[in-house]
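Asker: Before we start, here is the structure in question, set down as structure tokens.
The values are calculated or read from the model by the stated rules, or taken from the named source; none is laboratory data. What you see is a predicted model, and the numbers here were worked out from it, not measured in a lab. Every residue, glycine among them, receives a Cβ derived from its backbone with ideal geometry; neighbour counts consider all protein chains shown.
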Amino acid sequence: MNDDTWRNDVTMLDTPPTEAQAPSRPSDDRVGIWLVGARGSIGTTVAVGLHVIANELAAPTGCTTAGDEFVGVPLPRFADLVLGGHDISSTPLSTRAHQLAEAGMIPPRLVSAARAGLEQAEAEIRPGYDPAGHHGPQAEAVRRLAADISGFRERHGLRTVVVVDVTSTEPLPDDRPEFHDRDLLAAVLADADGAPLPASAITALAAIESGSAYACFTPSAGLTLPAIHALADERGIAFAGQDGKTGETLLRTAIAPMFVARGMHVHSWAGANLLGGGDGATLADPEAVRSKLASKTRGLRSLVGEHVVAPLHIDNVPDLGDIKTAWDHIHAEGFLGSRITMQTIWSAYDSMLAAPLILDIARLLALAEEAGVRGVVPELGFFFKDPWGSDVHDFSKQAAELYAWAHATGEGVAAATAARRSEALGR
Ligand SMILES: NC(=O)c1ccc[n+]([C@@H]2O[C@H](COP(=O)([O-])OP(=O)(O)OC[C@H]3O[C@@H](n4cnc5c(N)ncnc54)[C@H](O)[C@@H]3O)[C@@H](O)[C@H]2O)c1
């Protein structure tokens, strides 16, 4: 790695950078994170976390991109990230943050310390697309949302904006011809009376229309609809998804390769999830939970084989709030048919697992945009249950691919920056 390195923020906290080591990005090199679902549990946790990390009131523990593996990669600094977003809820961010503090999730002193950050983010939240209250063609909604994102970029002089969908999980839509055909899609968007497209598709279209990078943290349809995917490719935005890999699935994709590598045969992998909060309430709907159950088992099947018996339950337990508990029972067969069982219990505040990933994804997609990467970024599959553009689910392989991609992409960006500088000096 070259010595004129960009330093990640962990080392900056640990040892103040010297002149020679200090990142030399221009101060106007700011990047926007536009959270769709900005007032939700994840959105609020990101707003508090970003403010306290950027102001060095807390270390970026849990952020992959702040680790040693990313030293030398020219990522935007946390202090260069600016928050905005859409939501259909009108509960202010500060109220949500206090609720999450009272529930024991975010330390109250950090919520108090983040007051200014919450106010700044609040000022950049615009009404989202609410399917229940929308009248007229959906194309108008796409234009309005895209204009909100473009306005955010212009107001803050942002180099790039990364749109991240963190809205409530939607039911999976039944397949329709317009999902596959650009002309039909355009006709449906222009029709005030036709069957509406899912809200996640409107979000993805607004990201494309505004020329922003896009990430889908939910299992909703969004950019997976082929006609919208084709539009994103044509427009040349960088994108990644889908459905954040934060808890039980993270554990599964780390452990499952071990059984396989030791030649064991996994018969069954049963799981039960208990959670409350907004996500728990949404997933109590049997239609909404279908998309989540599908994305959670796909990775497991690809790792241990399609034969695996993998019953999975997600139950809403409102008093648990944002604490998610996941029990897994694994039954495998070893030497001469011997029985092996393993049981795991994972318990954590779900949004505290998700928020650092949002910051990581935004920093990495900003890097991709700066490097001119277009289309899906498969290496960001590391962050997702259902990685787009990749069939790699094995966590350690995903980590190796991510590190290699970040360094190669970062080297390209650093070389281009150096060339621009020497050209400017020569003028
Ligand atoms: N560890 C995790 O927390 C985790 C992991 C993977 C995926 N996810 C997914 O992330 C999403 C968000 O999780 P959460 O816990 O923050 O949920 P939440 O219910 O607390 O927040 C969702 C927010 O989205 C808003 N919203 C709903 N529809 C909208 C629309 N059309 N436009 C704009 N805003 C809209 C809601 O008002 C709410 O503020 C869920 O889909 C969840 O499945 C979470």
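Asker: Which of the residues belonging to the range 61-93 are touching a strand residue (DSSP E or B) at 6+ places or on another chain (Cβ under 8 Å), within 16 Å of the ligand (Cβ to nearest atom) and part of a helix (DSSP H, G or I)?
Answerer: If the condition is that a residue be touching a strand residue (DSSP E or B) at 6+ places or on another chain (Cβ under 8 Å), within 16 Å of the ligand (Cβ to nearest atom) and part of a helix (DSSP H, G or I), then 93 is the only one that fits.
Asker: Is the range 94-103 home to any residue that is in the same structural domain as residue 30 (by TED's automatic domain parsing), part of a loop (DSSP other than H, G, I, E, B) and under 23 Å from residue 204 (Cα atoms)?
Answerer: The answer is no; no qualifying residue exists.
Asker: Run down 337, 299, 375, 277 and say which single residue is under 18 Å from the mean Cα position of the chain (by Cα) and on the phi > 0 side of the Ramachandran plot.
Answerer: 375
Asker: Hey, another quick one. Residue 11: at pLDDT 85 or above, buried (at least 17 other Cβ atoms within 10 Å of the Cβ) and hydroxyl-bearing (Ser, Thr, Tyr), yes or no?
Answerer: Spelling it out, it is not the case that residue 11 is at pLDDT 85 or above, buried (at least 17 other Cβ atoms within 10 Å of the Cβ) and hydroxyl-bearing (Ser, Thr, Tyr).
Asker: Let me ask something additional. Working only within the range 225-258, note down all residues that are touching a Leu at 6+ places or on another chain (Cβ under 6 Å), aliphatic (A, V, I, L, M) and outside any helix (DSSP H, G or I).
Answerer: Within the range 225-258, 238, 240 qualify.
Asker: State which residue is surrounded by the most Cβ atoms within 10 Å (Cβ to Cβ) when the search covers only the range 117-128 and only residues that are touching a helix residue (DSSP H, G or I) at 6+ places or on another chain (Cβ under 7 Å) and of a type in the set (Gly, Ala, Ser).
Answerer: If we take residues in the range 117-128 being touching a helix residue (DSSP H, G or I) at 6+ places or on another chain (Cβ under 7 Å) and of a type in the set (Gly, Ala, Ser), then 121 is surrounded by the most Cβ atoms within 10 Å (Cβ to Cβ).
Asker: While we're on this one: Can you pull out every residue in the range 125-147 that is within 16 Å of residue 166 (Cα to Cα) and more than 10 Å from the ligand (Cβ to nearest atom)?
Answerer: None - no residue of the range 125-147 is within 16 Å of residue 166 (Cα to Cα) and more than 10 Å from the ligand (Cβ to nearest atom), so the list stays empty.
Asker: Can you name the residue in the range 228-249 that is crowded, with 20+ Cβ neighbours inside 10 Å and of a type in the set (A, V, I, L, M, F, W, C) and, of all such residues, is nearest to the ligand (Cβ to nearest atom)?
Answerer: Once the filter is applied, the top-ranked residue is 240.
Asker: What are the residue pairs meeting all of these: first residue in the range 270-287, first residue outside the structural domain of residue 218 (by TED's automatic domain parsing), second residue of a type in the set (A, V, I, L, M, F, W, C) and in a strand (DSSP E or B), Cβ atoms under 6 Å, and 6 or more apart or on different chains?
Answerer: Sorted first by the residue in the range 270-287, then by its partner, the pairs are 271/312; 272/327; 273/314; 273/326; 283/314.
Asker: Restricting attention to the range 296-337, report how many residues are modelled with pLDDT under 95, part of a helix (DSSP H, G or I) and surrounded by fewer than 21 Cβ atoms within 10 Å (Cβ to Cβ).
Answerer: Result for the range 296-337: 7.
Asker: Part of a helix (DSSP H, G or I) and not aliphatic (A, V, I, L, M) - does that describe any residue in the range 386-395?
Answerer: Checked against the condition, which is being part of a helix (DSSP H, G or I) and not aliphatic (A, V, I, L, M), the range 386-395 yields at least one hit.
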